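The values are calculated or read from the model by the stated rules, or taken from the named source; none is laboratory data. Treat the numbers as computed from the prediction; the structure is a model and nothing was measured. Don't worry about glycine lacking a Cβ; one is built from the backbone with ideal geometry, like all the others, and counts go over all protein chains shown.
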Amino acid sequence: MTRRVVAFIGAIAIVLLAVFSPVAHMDHRLLTAHMAQHLLLMLVAAPLIVLGARPAILPQPHLGVCWFAGSLTVIFWHIPAIFELALESHFWHGFEQGSFLLGGILFWRPVIGVSDWSVPIYLFLATLPCDALSAFLTFCGHVVYRPYLSGPTANFGLSALDDQQLAGALMWVVVTFAYLIPALILTSRLLRERSAFDRIGVFSR
């Protein structure tokens, strides 16, 4: 099988795991499970879809549009009133999941297959709103999403606040690694290319 086919099959498997598996149904009981679902859709399934699609199929929006699509998707759906609406409505929950996948595709489109100095900066800046949200959930000291106050988190040995802090920490660590590792790899590649180009320039004089 080609790399594109493998990537696309992997994306389908991750979407099924995040949305339809028994683990996915824990998202109404644990904020950590809900957060893991978002991360799987946006940071694993979405880039795999971009890898699996032919470049001509996916448009290439402006870099700023892609950045806002990814960042605003995360921030918008974690506003307490919006978050609780999605938690209480099957329709809005499905819409939320779809928007995370679509926002992720838009976010990763300018990253995969592109070798340019703008991409490491793009990825670094994308960590900032996610880190702010993660830090808030981890250190705010109170439960932000009321439905989890009455949820059976105790069955997992966690209080609602423990669950929220774990969810915030999970987001913080995963997003940081998912964005900064590709940024560092690309930066290293660009520096090597720059060094090779400079050597060629020296020898050609």
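Tabulated values for the structure
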item: Identity of the residue in segment 26-61, farther than 24 Å from ARG4 by Cα and of a type outside the set (A, V, I, L, M, F, W, C), that ends up farthest from the chain's Cα centre (by Cα); result: ARG29
item: Pairs where the first residue, in segment 171-190, is free of Cβ contacts under 8 Å to residues at least 60 places away in the same chain and the second is surrounded by fewer than 19 Cβ atoms within 10 Å (Cβ to Cβ) and of a type in the set (Phe, Trp, Tyr), C-beta under 9 Å, 6+ apart; result: TYR179/PHE124; LEU180/PHE124
item: Qualifying residue in segment 95-117 (condition: hydrophobic (A, V, I, L, M, F, W, C), at pLDDT 90 or above and farther than 19 Å from VAL44 by Cβ); result: yes
item: Single residue of segment 135-148 satisfying the filter (part of a helix (DSSP H, G or I) and not hydrophobic (A, V, I, L, M, F, W, C)) that is surrounded by the fewest Cβ atoms within 10 Å (Cβ to Cβ); result: ARG146
item: Residues that are under 17 Å from VAL144 (Cα atoms) and either among the basic types (Lys, Arg) or surrounded by 22 or more Cβ atoms within 10 Å (Cβ to Cβ) (or both), drawn from segment 26-39; result: ARG29, LEU30, LEU31, THR32, HIS34, MET35
item: Enumeration of residues in segment 50-92 that are among the charged types (D, E, K, R) and in contact with a Cys (Cβ under 9 Å, 6 or more places away or on another chain); result: none
item: Which numbered condition LEU85 misses (of (1) assigned to a helix (DSSP H, G or I); (2) over 18 Å from the mean Cα position of the chain (by Cα); (3) touching a residue at least 60 places away in the same chain (Cβ under 8 Å)); result: (3)
item: Residue within segment 122-134 that is in contact with a Pro (Cβ under 8 Å, 6 or more places away or on another chain) and either surrounded by 15 or more Cβ atoms within 10 Å (Cβ to Cβ) or at pLDDT below 95 (or both) present; result: yes
item: ILE75 vs. criteria surrounded by fewer than 19 Cβ atoms within 10 Å (Cβ to Cβ), touching a residue at least 24 places away in the same chain (Cβ under 8 Å) and hydrophobic (A, V, I, L, M, F, W, C); result: yes
item: Tally of residues being surrounded by fewer than 19 Cβ atoms within 10 Å (Cβ to Cβ) and among the hydrophobic types (A, V, I, L, M, F, W, C) across segment 40-64; result: 6
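Here is a yes/no grid of residues against (1) among the β-branched types (Val, Ile, Thr); (2) closer than 18 Å to PHE107 by Cα; (3) touching a helix residue (DSSP H, G or I) at 6+ places or on another chain (Cβ under 7 Å):
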site: PHE8; (1), (2), (3): no, yes, yes
site: ALA11; (1), (2), (3): no, yes, yes
site: ILE14; (1), (2), (3): yes, yes, yes
site: VAL19; (1), (2), (3): yes, no, yes
site: LEU31; (1), (2), (3): no, no, yes
site: HIS38; (1), (2), (3): no, yes, yes
site: LEU43; (1), (2), (3): no, yes, yes
site: PRO47; (1), (2), (3): no, yes, yes
